[in-house]
Amino acid sequence: MSKRVRSTDFGPHPARKRRGGAEPGGWRALLALRRGDLRRLVRRPQFALPMLSVVVLILLAQLNTYYHQQRVLALLNQEGEAQARQADAFLIELSNRVDSTAIRIADGSSEPAQALLPLAQQVRVLPYTELGIADRDNQPLESLRHIERDLLRRVVEQQQVLLDVFSGASGLELNAARPIDAERVLLVTFPASALRQALSEDLASVKTELLYRTPDGWKPLISRGQADASPVQVEAPLRNAWQIRLTMDKARYQAETHRNLPLYSVALIALLAALVQLLRGTLNLRQQRRSEKRSAAEVDAHQDSLINAAFTHDDESADNTLDDGLSDSLDDLLDDLDLPEPSEDGAAQNPESGSSSTSVADTIFRAYDIRGIAERELTTDVCREIGKALGSELVEQKQRVTLIARDGRNSSPRIRDALVEGLRWCGVSVIDLGAVPTPVMQFATRELGIGNGFMVTGSHNGREYNGIKMVIRDASLTEDAIFSLRERIRAQRFIEAAVPGDYSNRSIVDEYIARIRTDVVVARRLKVVVDAANGVTGPVAPRLFQALGCAVEPLFCELDGDFPNHDPDPTRPGNLHALQATVKTRRADLGIALDGDGDRVVFVTAQGETVYPDQALMLLAQDVIARNPGAPIVFDVKCSSHLPRLITDAGGLPIMCRSGHSYVKNQIKESGALLGGEFTGHIFFRERWYGFDDGMYVAARLLEFLSLSSMRLHEHLERLPQSVVTHEITVPSDEVQKFVIIEQLKSDNFFDGAEVNTLDGLRVEYPHGWGLVRASNTGPALSLRFEADTEAHLANIQARFRDALQAVDPTLKNDF
């Protein structure tokens, strides 16, 4: 039975959509506005002209502010130049007084030098012998600090008055030096307050400062006037390393530059006029809408009569009419929503990460770097994937620029190119430093202010290996961050850029050498032999030590990725034989052995004896703590038990950490330590340096230490606590089994009566010595080391370790 649909079933007719569009809601309903009405209103001249006036007035106000800002800057620059001329004249006068005083002393004047220089805090006449500042019998020179010795050295070389500023007992002090004759030097110290005469009287609401450039940046020596933090500040240079800085008080600056009240007042009036016109237009439209509604009511009545007539047809006709009406209404609704057309195949438009066919071995992701067999595990495709992972990580951390460098291995250019391709694919710009040591790349991240750098290097491993050391935001990547790269590659979570990143080249070696030369003073000429193992330090290290004034004998410094003479690992005794022989034959003061990328260093004495890295750390720690009492010193679990006792006795704070250069570096950063190191030859200076491991800089600091001492290196070593030690011993295993062995040793009680430290593997402490076993971070092996008071105690400890390892894994070759 058919059902008739009546018009009354749809409710009262006035609720239907009426001609002219749907009734508006919200604020438009309150003003009786429809879509498009507001657009037509704002286009009317009555509204547009006042609003245009507002925009013009605001622009004029900004131009007026800019004009007054430039005027204030011009006035400050003019005043700064005047202050600079006055300060420069004062410094010249001060230099002339020091010069005339030195001449009068040379002429034998009986008048006290202090009377000739009334502003001076201290006047010293220092003898200068043929041995120069390295003369240990020259007691006045022995009392000088390192930086004062450096000033005297420069004065004698240049034979003129030199001014320098550094910290003294009362803060920053001005020091002036001038040779008197061939045997004496005048050294005058002025307090910072003496420089107040270099500045004019206080300026209203302006702070005037006299600055001096130190290795740590510009330091204010003296100031006049007061000023709060302000956006305006000008600097006027004097001579080298001096400048004047003027800062205007914030309140005065705002009073001088914000003079726009009349313009803003007129702009406000214009804005009010525009709003009035908008309101008038709205009221007019509302009145017009009411008239239109009355006319529309008559049209609606006619439409209602037509609809009622339509419902009087038969059932089929009524159903068709309803279907057509609903269809038309639905079409109208879709048109109003302006929905996008669906794709022809109906597929989703969100991109999905694709899967990669490239096989990436888990074993290349190590505790603090990526490393593997170059031609088998670090293929071009694998390295491109690693580059994408690193690039995506940089982009996520809002880093868009990175440095890249490589060592001299035969596979390094290929790996570098693949990494660059992956990085640029993510939109990261790459600056290529070329073939340089890892410390030079680390230096560039600090010096260029970039903070990101990737070094393609196999470090100390054989020629078949290669790898990547990574720095992001000034922090070396360690275990968790490196393993997250592996997971990113597995999931193909890469970020592709619409435009590839840029690529450029940059040279940094000359700046690196110049920076060390300004920091390190080798006070007497020393003869050194440098063994670069045909690694990437070969072209750099001899230049550096020659620049420091040393006589350099290069050994295996030609870059050769095949390492034809010996592997680039100076911690292996067999790799030091040629260096030991050359040091003795050439009668050198020191032998320096660097690894393949320059972040490790081992020393050889003039007698050809190897200096273990923890022994070098003892000497350097004593030197650092002498200037910085209470300084923390970081060392790894492989180092001698004498090291923490020596640090404590010297007045420092010993901190033990896991082995691995990234762990030591990050521990130094966290603890604020000034020095750190590990037994594998990674030594980190944060005193006067940047806190990364740098074999060449460490060697320079040891040369400075020796040049200022009357003893030779072997004599310093004889004063250290003595014990029987082994070098680092490796027992071959595999990348998985080595960790299983360590966990089994921890779980079972193999070392009764000993104190076991599980910070990194097992370091087992006995009353007369200790032993260490841990999983190597750089290869498929266990790493061991032993130290004891006597040979008998050492043999006993080694026997206990052999028994424990044999019980856990009988296949191990425990021939230590």
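The values are calculated or read from the model by the stated rules, or taken from the named source; none is laboratory data. This structure is a prediction, so every number in the text was calculated from the model and none was measured. Cβ placement follows ideal geometry from the backbone for every residue including glycine, while neighbour counts extend to all protein chains displayed. In case anyone asks, the SASA skips ligands and DNA or RNA and just uses the protein heavy atoms, side chains included. Shrake-Rupley method; radii C 1.70, N 1.55, O 1.52, S 1.80 Å.
Below 8 Å, C-alpha to C-alpha, sequence gap of six or more: please give me the relative contact order for the range 406-534 in percent.
32 percent
Give the shape of the range 501-623 as rounded, prolate or oblate, defined through the alpha-carbon gyration tensor: a ≥ b ≥ c are the square roots of its eigenvalues, a/c under 1.5 means rounded, and otherwise the shape is prolate if a/b is larger than b/c and oblate if not.
oblate
Using a 1.4 angstrom probe on the protein heavy atoms only, line up Asp748, Asp694 by accessible area, largest first.
The residues order as Asp748, Asp694, largest area first.
Suppose the chain between Arg85 and His768 were pulled fully straight at 0.36 nm per residue; how much longer would it get relative to their current alpha carbon spacing?
That works out to 238.9 nm of additional length.
Counting pairs of alpha carbon atoms under 8 Å apart in space and at least six apart in sequence, what relative contact order in percent does the range 581-637 give?
22 percent
For the range 43-97 and the range 422-441, what is the separation of their Cα centres, given in Å?
Between the Cα centre of the range 43-97 and that of the range 422-441, the gap is 41 Å.
Taking all protein chains in place and a 1.4 Å probe, what share, in percent, of the accessible surface of the range 442-528 do carbon and sulfur account for?
43 percent
Ranked highest first by average number of other Cβ atoms within 10 Å, how do 773-786, 491-504, 618-631 line up?
In decreasing order of mean packing, 773-786, 491-504, 618-631 become 773-786, 618-631, 491-504.
According to the square roots a ≥ b ≥ c of the eigenvalues of the Cα gyration tensor, what is the shape class of the range 767-816, taking rounded for a/c under 1.5, prolate for a/b larger than b/c otherwise, and oblate for the remainder?
oblate
Please list, in order, the residues from the range 435-459 whose amide nitrogen is less than 14 Å from a point placed 7 Å along the Cα→Cβ vector of Gln397.
445-446, 450-455
Give me the distance between the Cα centres of the range 530-553 and the range 378-409, rounded to whole Å.
Cα centres, the range 530-553 to the range 378-409: 30 Å.
Kindly state, to the nearest 0.05, the FRET efficiency for Glu375 paired with Thr518, given R0 = 45 Å and r defined as their beta-carbon distance.
Using R0 = 45 Å, I get an efficiency of 0.60.
Taking the Cα centre of each part, how many Å lie between the range 755-802 and the range 173-232?
56 Å
Using R₀ = 56 Å, calculate the FRET efficiency as 1/(1 + (r/R₀)^6) where r is the Cβ-Cβ separation of Thr648 and Ser265; round to 0.05.
Result of the calculation: an efficiency of 0.15.
I want to make sure I understand the PRE zone here: with the label point 7 angstrom from the Cα of Gln722 toward its beta carbon, which residues in the range 766-795 have backbone N atoms less than 13 Å away?
Answer for this model: 789-791.
Compute the orientation-averaged projected area for the range 552-651 from the convex hull of its Cα atoms and round it to one decimal in nm².
That works out to 7.6 nm².
Of all beta bridges DSSP finds with both residues in the range 392-469, what is the antiparallel percent, to the nearest 5?
In the range 392-469, approximately 20 percent of DSSP beta bridges are antiparallel ones.
Can you tell me which of 518-527, 365-374 comes out highest on packing, and rank the rest after it, using the mean Cβ neighbours within 10 Å?
Packing proxy ranking, top to bottom: 365-374, 518-527.
Order 83-90, 531-538 from most to least packed using the mean count of other Cβ atoms within 10 Å.
Highest mean packing first, the order is 531-538, 83-90.
Under the classification rounded if a/c is under 1.5, otherwise prolate if a/b is larger than b/c and oblate if not, where does the range 165-255 fall, given a ≥ b ≥ c as square roots of the Cα gyration tensor eigenvalues?
Prolate.
What FRET efficiency do you get for Ala547 and Val125 if R0 is 41 Å and r is their Cβ-Cβ distance, rounded to the nearest 0.05?
It comes to 0.80.
Using the basic label-point model (7 angstrom from Cα toward the beta carbon), what is the Gln744 to Asp107 distance in nanometres?
Simple spin-label model gives 9.0 nm for this pair.
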